[in-house]
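Since the structure comes first, as structure tokens, the remarks are kept for the end.
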Amino acid sequence: MPSQTDQPNDRQAERVLTALDRFQIETPSWAYADTGTRFGKFTQPAAAIDLNDKLADAGQVHRLTGCCPTVAVHVLWDFPEGSDPNRAMKQAEQCGVSIGSINPNVFQNQCYKLGSFGNPDAEVRQAAIRHCMDSIELAQQVGSRCISPWFADGTNYPGQDNIRSRKRRFTEGLQELHQHLTDDQILLVEYKPFEPAFYQTDIADWGMAFLLAKSAGPQARVLVDTGHHYLTQNIEQIVAWLLDEQMLGGFHFNDRRYADDDLTLGSIDPYQVFRIFHEIHSYAFDHDGESPEIAYMVDQSHNLKPKLEAMIQTVMVAQELYAKAALVDHAVLSVYQTMGDIVAAERLLQRAFMTDVTDTIVSWRRQRDLPDDPLEALRASGYVEQASQERSERRRALGIQQSSSYA
Ligand code: AFD
Ligand code: MN
Ligand code: MN
């Protein structure tokens, strides 16, 4: 492996700057609130209490990194009964961000015990479809283009339900939902191999999501959550196939050591993230520099790391890996590939991955009056300490207990 000391030449530095200009990544509202695992959660005094806090935190991340202008929201968690979407829109604007993808929630209500779109009970299926249609309306009210439902549906035991019937219920439900989209909206169909269903998950892999999105209609695409694959799966190959089929709608970025661990991006395997971005740059190279509109989104819940630090760390890693992947010279690579010079081709990717782009990223930040190191800037700002203080007082006044409980 080449050494980390490789520095970009002028032409490569230009590529990094162009890539950074293009790269934006959405942060999720749920990452700023107290979340945890099914074994309990470790609360943080600075954790967001409501959507206003989440938007304020997301605004800080964007203010310090310059590449996170939108915030994904979770309908039931962020827009409880009777909330005012216009107020949320204005609040987002005041925080310097706007509302991004809308995440329906068809996995928590008791009625979804046997599934939502896949439920054997037609009434429950209709309730789930109605909730998703309400989410589409909410998206229109807050000016969001992207509806990204995740379905926890599946079964826990062989024989529990008819797998083909469940497939058909999803096909029909997503077709019905797709008809509700306005012309500029997109429907992102997310897959996940298991959890919470432990025998079969109805949308378990990219092939199922692809077929369901294709049958739903022309505005549906596949959402790749990087934590939703078996350990041996080649995610960048899935990305390349979806790109080639014009069916890659976006990502939920996180990292994992075992399953859907929601660890911070690049904490376990940064080279895999680089290879995913490489496929996207390679596609753009073959299409006059244009890559399809891809919704880059973070989907992590930081149970142990301080929330804002973890988010800024994630965004900085995403920027760096996206920029490094832009260093690969695709014209030279295709010559090596045609020649069958495996080592030379591989070393092109390795050298790009090992190139130190820190200084170029700092110069990009300076050109935008951003701090050289957003993480250090957050720590120096006192924002988290102030939020801890203010939110702890507010929790006391509201009688909100911050306690961890065991399942
Ligand atoms: C969980 C699910 C899925 C979903 C996210 C937000 O596994 O990734 O996108 O929650 O609803 O992580
Ligand atoms: Mn996800
Ligand atoms: Mn997940």
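Tabulate in residue order the Karplus-calculated ³J(HN,Hα) for region 209-217, using 6.51 cos²θ - 1.76 cosθ + 1.60 with θ = phi - 60°, rounded to whole Hz; enter x for Gly and Pro.
5, 4, 4, 5, 5, 4, 6, 5, x
Which percent of the accessible area of region 133-249 is formed by carbon and sulfur heavy atoms (probe 1.4 angstrom)?
On region 133-249, the fraction of accessible area on carbon and sulfur atoms equals 52 percent.
Applying the Karplus parametrisation 6.51 cos²θ - 1.76 cosθ + 1.60 with θ = phi - 60° to the phi angles of region 164-171, what ³J(HN,Hα) value in whole Hz is obtained for each residue in order, glycine and proline being reported as x?
5, 5, 5, 4, 5, 5, 5, 4
Give me the percent of the accessible area of region 313-407 that comes from carbon and sulfur atoms, probe 1.4 Å, all protein chains in place.
52
Each residue of region 300-309 in order: what ³J(HN,Hα) in whole Hz does its phi give by Karplus 6.51 cos²θ - 1.76 cosθ + 1.60, θ = phi - 60°, with x for Gly and Pro?
9, 10, 8, 7, 10, 5, x, 4, 5, 4
Can you tell me the relative contact order of region 10-398? Whole percent, Cα pairs under 8 Å, sequence separation 6 or more.
Reported relative contact order: 19 percent.
Which of the three applies to the chain, rounded, prolate or oblate, going by the alpha-carbon gyration tensor with a ≥ b ≥ c and a/c under 1.5 meaning rounded?
In terms of gyration-tensor shape, oblate.
How large is the dipole of region 1-143 about the Cα centre if only Lys and Arg carry +1 and Asp and Glu carry -1, each at its Cβ, rounded to the nearest 20 debye?
Computed about the Cα centre, the dipole is about 220 debye.
Towards the positive end of the charge dipole of region 333-407, with charges on Cβ (+1 Lys, Arg; -1 Asp, Glu), say which of Ala345, Leu378, Gly399 has the farthest Cα.
Gly399
What FRET efficiency do you get for Glu14 and Glu123 if R0 is 56 Å and r is their Cβ-Cβ distance, rounded to the nearest 0.05?
Working from the Cβ atoms, E equals 0.45.
Excluding Arg351 itself, calculate the net charge of residues whose Cβ lies under 12 Å from the Cβ of Arg351, where each Lys or Arg counts +1 and each Asp or Glu counts -1.
Once all neighbours under 12 Å are counted, the net charge is -2.
Specify which residue in the list His302, Gly289, Gln272 is farthest towards the positive end of the charge dipole of region 210-307, using unit charges on the beta carbon of Lys, Arg (+1) and Asp, Glu (-1), about the Cα centre.
His302
Name the long-range amide H neighbours of Phe251: under 5 Å, sequence gap of 5 or more, or other chain; modelled H, no Pro or chain starts.
Residues meeting the criterion, in which the H sits 1.01 Å from N, are Val224, Ala295, Tyr296, Met297.
Could you give the nm distance between label points at Val343 and Asn156, where each point is 7 Å from its Cα heading toward the beta carbon?
5.5
Does region 209-343 come out rounded, prolate or oblate, given a ≥ b ≥ c as the square roots of the eigenvalues of its C-alpha gyration tensor, rounded meaning a/c under 1.5 and, failing that, prolate meaning a/b above b/c?
Cα axes put region 209-343 in the oblate bin.
Tell me which residues come under 5 Å, amide H to amide H, from Ser98 once H is placed; ignore anything under 5 positions away on its chain.
Answer set, sorted by chain and number: Thr70, Val71.
Roughly how many debye, to the nearest 20, is the charge dipole of region 10-398 about its Cα centre, given +1 on each Lys and Arg Cβ, -1 on each Asp and Glu Cβ, and no other charges?
720
Counting heavy atoms of the protein chains only and a 1.4 Å probe, report the per residue accessible area for region 145-252 as a whole number of Å².
Accessible area per residue, region 145-252: 43 Å².
Which value in nm describes the separation of the simple spin-label points at Thr232 and Arg38, placed 7 Å from the Cα toward the beta carbon?
2.5
Determine the distance separating the Cα centre of region 174-237 from the Cα centre of region 85-110; give it in Å without decimals.
What the calculation gives is 22 Å, centre to centre.
Under 17 Å from a label point 7 Å along Cα→Cβ of Ala204: give me every residue in region 220-243 with its amide N that close.
Only 228-234 fall inside the zone, counting backbone N under 17 Å.
Would you mind working out the magnitude of the charge dipole of region 274-407 relative to its Cα centre, with +1 at each Lys and Arg C-beta and -1 at each Asp and Glu C-beta, to the nearest 20 Debye?
740
Within the chain, what percent of beta bridges assigned by DSSP are antiparallel, to the nearest 5?
Among the beta bridges of the chain, antiparallel pairing accounts for roughly 15 percent.
Can you give the Rg to Rh ratio for region 119-159, taking only C-alpha atoms and Rh from Kirkwood?
So for region 119-159, dividing Rg by the Kirkwood Rh gives 1.12.
Using 1/(1 + (r/R0)^6) with R0 = 30 angstrom and r between the beta carbons of Lys90 and Tyr271, what's the FRET efficiency to the nearest 0.05?
0.10
Show that you can apply the helix-only estimate: for the chain, add -39,500 (n - 2.57) for every DSSP H stretch of four or more residues, divide by all residues, and state [θ] at 222 nm to the nearest 500.
-15000 deg cm²/dmol
For a quick check: with amide H placed at 1.01 Å from N, whose amide H comes under 5 Å from Ala33's, ignoring anything fewer than 5 positions away on the same chain?
Excluding prolines and chain starts, which carry no amide H, the hits are Ala48.
From the gyration tensor of the Cα coordinates in region 332-407, what semi-axes in whole Å does the equivalent ellipsoid have, largest first, with each one equal to sqrt(5λ)?
49, 22, 8
The values are calculated or read from the model by the stated rules, or taken from the named source; none is laboratory data. Keep in mind that what you see is a predicted model, and the values were worked out from it rather than measured. Here the Cβ is made from the backbone with ideal geometry for all residues, glycine too, and neighbour counts use every protein chain on show. For accessibility, only protein heavy atoms count, side chains too; no ligands or nucleic acids. Shrake-Rupley method; radii C 1.70, N 1.55, O 1.52, S 1.80 Å.
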